[in-house]
Amino acid sequence: MRIKVHPSVSHSQAMLANMAKRTGRSPDHWAEIARGYGLREVNDLGAKLKAEHGLGKPTAWLLAIYALGETPQDYDAAAYIELAPRLIDQQFSGKKAALRSNADKLMQYAQDFGDDVGISPTKTMVPIYRHHVFAQVKAATQSRVDVGLALGRYEGDITNRLKDTGGLQKATVLPM
């Protein structure tokens, strides 16, 4: 399977790359400051950075995670790529293990659309991307794999085999 780095990781990488320009301090400099507080919990450290330095919440929490070395897969592409297969394994294990072969077939079928199609698993689903998410595979129950499709501006009838989840009305790209 072609695993792509999840867009949230790319976003975090961009935030870290632009940190010095935006704040006047590099991520490593912020990490030194953060570690100086002696806090060991991400939420506590993020709140401290936000309060003491006027950082926005996403920036403060990203710096807290970075300073503590927690969940590097949130900002490090190599760590995400290493973790991604385990995320899929965890979703289709235990009572949902019997669903794995069908999920693998669905993911492979989607990737057969082209070399630019990849998957970016999360803890709860496997989004399928080209430039944007166009589908997702999810172990919905112990006996059912759901496939969500981003149908965009589709205006045709939805058959009884498909469920409109209101994504267009909610202005989301991916029905959940």
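The values are calculated or read from the model by the stated rules, or taken from the named source; none is laboratory data. None of the values given here were measured: they were computed from a predicted structure. Every residue, glycine as well, gets a Cβ built from its backbone with ideal geometry; the counts of neighbours run over all protein chains shown. Surface accessibility is based on the protein's heavy atoms, side chains included, excluding ligands, DNA and RNA. Shrake-Rupley method; radii C 1.70, N 1.55, O 1.52, S 1.80 Å.
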Condition met for F134 (open to solvent by less than 80 Å² (accessible area, probe 1.4 Å), at pLDDT below 95, among the hydrophobic types (A, V, I, L, M, F, W, C) and under 18 Å from K4 (Cβ atoms))
yes
If we take segment 8-105, then helices (runs of 4 or more DSSP H) inside it with 2 or more residues that are polar (S, T, N, Q) and either in contact with a Pro (Cβ under 6 Å, 6 or more places away or on another chain) or within 28 Å of H131 (Cα to Cα) (or both) are 77-91
Of the residues in segment 110-125 that are assigned to a loop (DSSP other than H, G, I, E, B) and hydrophobic (A, V, I, L, M, F, W, C), the one that is least open to solvent (accessible area, probe 1.4 Å) is V117
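A quick yes/no check of all residues on (1) closer than 22 Å to A31 by Cβ; (2) open to solvent by 60 Å² or more (accessible area, probe 1.4 Å); (3) in contact (Cβ under 8 Å) with a residue 60 or more places away in the chain; (4) among the aliphatic types (A, V, I, L, M):
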| position | (1), (2), (3), (4) |
| --- | --- |
| G54 | yes, yes, no, no |
| K57 | yes, yes, no, no |
| A60 | yes, no, no, yes |
| Y75 | yes, no, yes, no |
| P85 | no, no, yes, no |
| message | Taking the conditions exactly as written (surrounded by fewer than 16 Cβ atoms within 10 Å (Cβ to Cβ), modelled with pLDDT of 95 or more, under 17 Å from K123 (Cβ atoms) and not aromatic (F, W, Y)), does R25 satisfy them or not? | response | no
